Each structure stands twice: as C-alpha cells, then as structure tokens.
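To start, the structure under review is shown below, and the notes come after it.
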Amino acid sequence: MSSRHLGGNDVRRRTMLISGISGITGALALGAPARAARGEPDRPVNILLAIADDWGYPDAGAYGSQAARTPTFDRLAAEGALFTHAYCAAPSCTPSRNALLTGQAPHRLGAGANLWSELPATFDVYPTLLEQAGYRIGRIRKGYGPGVFPQWPHDPAGPAFPSFGEFLQQQPERTPFCFWLGSSDPHRPYDPGLGEQSGIDPASVDVPPYLPDTPEVRADVVNYLAEVQRFDREVGDALQLLEERGLAENTIVVMTGDHGWPWPRAKANAYDAGTHVPLAIRWPGRAAPGTVVDRLTVLSDLAPTFLHAAGLPTPPAMTGQSLLPALSGTAAQREFVVIERERHSFAREGNLSYPIRALRTHRWLYIRNFFPERWPAGDPQPPSPDRGIFGDIDAGPTKTQLLENRHRPEFATAFHLATGKRPKEELYDLESDPHSLENLADHPECAAVKTRLREQLQNWMLRTDDPRAVDPRTDFWDNVKYYG
C-alpha cells in the first residue's frame, strides 16, 4: 500500500505500535479529572498550536510513511489522538489560517479568502477571545497570512515573541496561555544540503502517480521531508519546555499543517494532495492515549475547540465544530466537509482567480470549478512582466523538470494533470482512486451520486451565506487588493 494513501485499519495498527513503544503516556494522561479526584482546584487549560507551512498528509511516521521522520508527531499521536481525515478549509496559506483563527469558512471572511490579502478586524479570532477571557497570548514566526493587518494591534495569531521559551519565562504561574508556534517549514525553497544531511533514503520516498518518478523529483521530496523533520524537532523542543516547567499535564498540544504539500496538483488544488493534512492532539485527561479519530474534520474546527476547552461559548458566526466530542468518542459522524479557494497567487492576466468549491465525504470528492475556461494552475504565458508561467505552482526542481520536459511522453500526463484546463464539475471515487485521476462526473452510473453531492454543496453554500451560491461567477474576490 502506498504510504500516501493509508487506510483506517493501517493507522490503528501503526498507532498501537507507537503507543506500545513510547511508554510515555502515564504521567501525561493525568488531566482535570485526575486533579479533581485528588481534591485539587481545576485550572484553565493552556493551548499550544504548532502549525507547519505546507505539510501534507501522510508525511508522518504515525501514518505509515517510511521516509518521514516525525518522532514528535508520532509521540503526540500515541499519547493523544491521531486524526486520519483532517482537511484544511482552503489549500492556500492565508485563507486556511484565517479559517483556523476565526472558525469560519473562508468565503465568509471577505478579502481574507485570498492569499496575500487583509483580514478585516471586524472578525473575531480565537486568540483575542481567549485574551479577553484572561488568557495570555503569543506567537512565533508565521501567524496570519501572508498579508497585511493594519487594523489589528498585532498579528491576529498573537503578539510576536523571539521564542516559545522566552514567552514561557514571562508567564505568570496561575494565568493560562494560548500560543501559536508558526513554522516556515516545509515551505519552498529548500536547501539541498539539509536534505543530504538528513539521511533520508531517496529510495524510501513515495512518489504519487500524478508526478513523474525521477531522481530529481525524489531528491526534491527528500529536501521537503528534511524540513518536515526540522519542524518536528522544533515542536519536540517545545514539549520539553512544557515538561521542564510542569505544564505538560495541563496543556492541549495540537500539531498540524495549514494545507497540502507544495507540489504540482497539490497545494492550491482541491484534491486530497492539496487539502488533506496531518493532525494530532494531545489533551491529557480528555483524549485517551492511542485514540484514532476517523471523523471528517476541518481546521476551522480548532477555534471552537479551543473556546470550548476554555469554557467559552462558540460565537454563532463560527461554522466549525468543537472536537471535544470526537476526542471522547461521542461525536456523531460528519457526512462531509467543504473545501474552497478563491485567488491564490498573481497567476493570470488581470490577477484573476480560479475559484473552487469542493465537497469531501469519506468516499467521494465532488468539485465545482466556476471558471473552467481559466487555467487552474495559472496562465501558460507570464501574466505580467514580473511573473512566471503557471504561477499557482510553487517554483522548485519538480516544477522545472515538468516544464522542461512537458513534450516528452513520460512527462506529458503529469504536466496535463497539473496545468490543463478542467471541466465545470469533477467527481472522484476515492476508495478506488485516492489520487483523483479519473473524473467520473460524466459517467452515467455516477449520475445519482453527482446530483446528491451537488445539492449538498449548494445547500451548504446557501446555509453559510456563500456569495457564489447565488452568483457563481461573482468577481468580488478578483477585485480585492493583492499585497504580494
């Protein structure tokens, strides 16, 4: 079985193995119930979110990857909960992070649905709500965005600190904290030297079928995994700080990525390669060690989860759902999640977007492309003198090799999958086609499924006040200022 497509039973077996090896679950599993049993006063729970930049599923040991070295993530999964079906709200940094911060679908956030935009200060974000309730908040490195935030006193993710350690040194003993550990790994560009030093064997790398399997691509993946490994080490250092200060027992730790990996047909796309993300949550006393959550999850669920953990109500505007029931095994199954995108980079003449709405169930992926006449990865000619071609694909060795060899038969299919125009509707059976290679939208035997999913998506768009539900070809987001 490909390590980029792991079934639930395989995840359970892997998690049981990690849990048995770690042996570090006893003390950390003591939470609020244990303190209450000892007659100790309950304390507000601390929150640590560790979020990577462009880290996609299944690039972690806990998911069965043979090449990814993620002992910290694997430990959190063994000591808490491993999510097998977690998705970003948008496969682009700014709208994904905005959705996580606000607990809302990106289309509700005005300009914040675009990359390199602005999140208006009229929207509540969970760090501010927690601060108003008595939490101390902070962040390091990449928080909101990329974009601008002139209406805010600081980055919406929190005020900046030099390090998590320095933040903790200033932490009052009885005050709860909420901290955003925002890494820039594994965002491109990569340092090939880091990949060479990592010791990762290129032969162990899993190259998905939408990419050409060449030595250059394998070396590129090794460099990406080396940065995943570096992020994992940094989060491990943060866990050590919590333990040294006696804070581990009373801190929720969440480790995830903002969207899929930065490869052609992945990042900025609604396929699983662009939307499926790793997610592990350690919450002593609430998430039993070795828990596996197969429930469909979206990162906008984290804001209401954090508020719920702090004993605060979820604002009515939030479309996300608290994960507390899922962590305790009492949540009803979710039928679907919705993923969307508007404008990613400046990739088309006139700075036009490529808007998408996608509905993901456990089995099916249904996609609506609102402007099928546009190029999904960007124009095949420079949209302006300072921009490259197919600009929604991050520059790097894999993109270069794909472009330079596009006319060779062994590269033609991968090039078309990444850059070719797409129909108005796409439908994929992910049980038999996990990489979304065969579009079934026009297959008569799938007509009933397509109709059902189309109606579910349309109803959700109407229910959440998506402008594209009533005006599918609105140009609102194209007219929003681009700050990149």
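Of all the residues in the stretch 383-407, those that are polar (S, T, N, Q) and farther than 18 Å from residue 224 by Cα number 2.
In the set (1) touching a strand residue (DSSP E or B) at 6+ places or on another chain (Cβ under 9 Å); (2) buried (at least 17 other Cβ atoms within 10 Å of the Cβ); (3) outside the structural domain of residue 93 (by TED's automatic domain parsing); (4) not aliphatic (A, V, I, L, M), the condition left unmet by residue 351 is number (1). Only one of these is surrounded by 18 or more Cβ atoms within 10 Å (Cβ to Cβ), farther than 23 Å from residue 111 by Cβ, of a type outside the set (Asp, Glu) and in contact with a Leu (Cβ under 9 Å, 6 or more places away or on another chain): 393, 389. Name it. After applying the criteria, what remains is 393. When the helices (runs of 4 or more DSSP H) confined to the stretch 215-321 are screened for residues that are surrounded by fewer than 23 Cβ atoms within 10 Å (Cβ to Cβ) and of a type in the set (Asp, Glu), those reaching at least 1 such residues are found at 215-244. Out of contact with any strand residue (DSSP E or B) (no Cβ under 7 Å at 6 or more places or on another chain) and over 20 Å from residue 117 (Cβ atoms): is that true of residue 284 in this structure? When the stated conditions are applied, residue 284 passes them. In the stretch 90-107 there is no residue matching the filter, namely being surrounded by fewer than 24 Cβ atoms within 10 Å (Cβ to Cβ), in contact (Cβ under 8 Å) with a residue 60 or more places away in the chain and among the basic types (Lys, Arg).
The listed residues are 347, 358, and the only one of them that is in contact (Cβ under 8 Å) with a residue 12 or more places away in the chain and in contact with an Asp or Glu (Cβ under 6 Å, 6 or more places away or on another chain) turns out to be 347. When each of 215, 209 is tested for being touching a residue at least 60 places away in the same chain (Cβ under 8 Å) and either among the charged types (D, E, K, R) or farther than 30 Å from residue 302 by Cα (or both), the lone residue that passes is 209.
Taken as a whole, the stretch 163-172 holds no residue that is assigned to a strand (DSSP E or B) and either without any contact (Cβ under 8 Å) to a residue 60 or more places away in the chain or hydrophobic (A, V, I, L, M, F, W, C) (or both). Go through the residues of the stretch 343-352 one by one and say whether even a single one is over 15 Å from residue 87 (Cβ atoms) and either touching a His at 6+ places or on another chain (Cβ under 8 Å) or at pLDDT below 95 (or both). No: zero hits.
I'm trying to understand the selection: among the residues of the stretch 402-434, which are surrounded by 16 or more Cβ atoms within 10 Å (Cβ to Cβ) and in contact with a strand residue (DSSP E or B) (Cβ under 8 Å, 6 or more places away or on another chain)? Of everything in the stretch 402-434, those that are surrounded by 16 or more Cβ atoms within 10 Å (Cβ to Cβ) and in contact with a strand residue (DSSP E or B) (Cβ under 8 Å, 6 or more places away or on another chain) turn out to be 422, 425, 426, 427, 428, 429, 430.
Residue check: residue 326 meets all listed conditions (1) part of a loop (DSSP other than H, G, I, E, B); (2) farther than 22 Å from residue 98 by Cβ; (3) of a type in the set (Gly, Ala, Ser); (4) assigned by TED's automatic domain parsing to the domain that holds residue 47 but one, namely (1).
Considering the stretch 367-414, the residues that are aliphatic (A, V, I, L, M) and touching a residue at least 12 places away in the same chain (Cβ under 8 Å) include one that is nearest to residue 461 (Cα to Cα), namely 367.
The values are calculated or read from the model by the stated rules, or taken from the named source; none is laboratory data. These numbers come from a predicted model, not from an experiment. So basically every Cβ, Gly included, is an ideal-geometry build from the backbone, and we count neighbours across all protein chains shown.
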